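Single-structure report; data block below.
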Amino acid sequence: MSLKDRLGAPEILVAPGVYDGLTATLAAAAGFEAVYLSGAAVAYTRLGRPDIGLTSVTEMADTMALIADRIDLPVIIDADTGFGNALNAQRTMRQYERAGAAALQIEDQTYPKRCGHLADKSLIPAAEMAGKIAAMADARRSDETLIIARTDAIAVEGLEAAMDRAERYIEAGADVLFIEAPRSQAELAAITDRFKTRVPLLANMVEGGATPMSSASDLERLGFSIVIFPGGIVRAQARTARDYYTSLKTNGSNRPFADRMFDFDGLNAQIGTAQMLTLGQRYEVPDE
């Protein structure tokens, strides 16, 4: 089922964050129907840097292609600001679509952007953002490839201004609406009251961020169609990695940490090593 078709279902779509082939494989094995390739997660893991616009379109497209080669699920990919003007946004659409993306999320911050839950963001004019959305719609090869329009205006201009911007983005051709960082349940409800009958809505759950953490079922009742948990996997793995390295340095052995790790065979089972070796044998040419 395409992402576009899935959004026609009444049940909310839960898309966990991933950043490489391994996390995508594990998310698929857990039973999720789609995943979210987070620019922040790529910055955290590939660069060891914060989400302040340091990742490039090429790094994201390369990561997207590796994930698409590993799983069959729809991938929603973070396109940041489109990496420039409307022509850059068109190029981003073409690159990401070729790499296998099912949906691109573009935002109305200035470039370079910063994480939607950091302070001191700045915005481009709404008309410029609308132009980027229209340009991306013109560039996509398939109507099945969705454009998710994100506005960061709540923190800069307030909720009403954010919703006014969202109206313009819908008119420009956005398929899904993402109003970033509502600060309360009341603001979440105000967004769904205004838009839920008109366009699918995306909610973003960031541990420790500006938006109160809500369950998928609660967000579904409000009227959201998608909820992403973009950086949760990195925060979980970073905590585990810190504890692992501390344990290894302290003990000079992995034995005290063994119950928190896959062993050699356990990891190979997760990534399908035996199945790949068996598949490879099908193509071996027998000796004559």
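The values are calculated or read from the model by the stated rules, or taken from the named source; none is laboratory data. Given the structure is predicted, the values throughout are model-derived calculations rather than measurements. We place every Cβ from the backbone using ideal geometry, glycine too, and count neighbours over all the protein chains shown. Ligands, DNA and RNA are excluded from the accessible area calculation, which covers all protein heavy atoms including side chains. Shrake-Rupley method; radii C 1.70, N 1.55, O 1.52, S 1.80 Å.
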- Which residues, counting only those in the range 4-42, are open to solvent by less than 20 Å² (accessible area, probe 1.4 Å) and among the small types (Gly, Ala, Ser)? 15, 17, 24, 27, 34, 38, 39, 40, 41
- Task: Kindly state which helices (runs of 4 or more DSSP H) lie completely within the range 1-87 and contain at least 3 residues that are over 27 Å from residue 219 (Cα atoms).
- Result: 57-70
- Selected residue [among the hydroxyl-bearing types (Ser, Thr, Tyr), part of a loop (DSSP other than H, G, I, E, B) and open to solvent by 60 Å² or more (accessible area, probe 1.4 Å)] from 197, 211: 197
- Task: Identify all residues within the range 245-270 that are in contact (Cβ under 8 Å) with a residue 12 or more places away in the chain and in contact with a helix residue (DSSP H, G or I) (Cβ under 6 Å, 6 or more places away or on another chain); write none if there are none.
- Result: 257
- Item | Residue that is farthest from residue 149 (Cα to Cα) [pool: residues in the range 46-60 that are in contact with a helix residue (DSSP H, G or I) (Cβ under 6 Å, 6 or more places away or on another chain) and open to solvent by 10 Å² or more (accessible area, probe 1.4 Å)] | 49
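Suppose the filter is under 25 Å from the mean Cα position of the chain (by Cα) and closer than 22 Å to residue 18 by Cβ; does residue 195 pass it?
Spelling it out, it is not the case that residue 195 is under 25 Å from the mean Cα position of the chain (by Cα) and closer than 22 Å to residue 18 by Cβ.
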- Odd one out for residue 143, checked against (1) outside any loop (DSSP other than H, G, I, E, B); (2) open to solvent by 70 Å² or more (accessible area, probe 1.4 Å): (1)
- Answer with yes or no whether residue 96 is in a loop (DSSP other than H, G, I, E, B) and either in contact (Cβ under 8 Å) with a residue 40 or more places away in the chain or closer than 17 Å to residue 57 by Cβ (or both). no
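Condition check ((1) open to solvent by less than 50 Å² (accessible area, probe 1.4 Å); (2) among the charged types (D, E, K, R); (3) closer than 17 Å to residue 29 by Cα) across all residues:
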position: 225; (1), (2), (3): yes, no, no
position: 240; (1), (2), (3): no, no, no
position: 247; (1), (2), (3): yes, no, no
position: 250; (1), (2), (3): no, no, no
position: 256; (1), (2), (3): no, no, no
position: 262; (1), (2), (3): no, no, yes
position: 266; (1), (2), (3): yes, no, yes
position: 271; (1), (2), (3): no, no, yes
position: 274; (1), (2), (3): no, no, yes
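Listed here are the residues, each with its yes/no results for (1) under 24 Å from residue 162 (Cβ atoms); (2) at pLDDT below 95.
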{"position": "100", "(1), (2)": "no, no"}
{"position": "104", "(1), (2)": "yes, no"}
{"position": "108", "(1), (2)": "yes, no"}
{"position": "111", "(1), (2)": "yes, yes"}
{"position": "115", "(1), (2)": "yes, yes"}
{"position": "118", "(1), (2)": "yes, yes"}
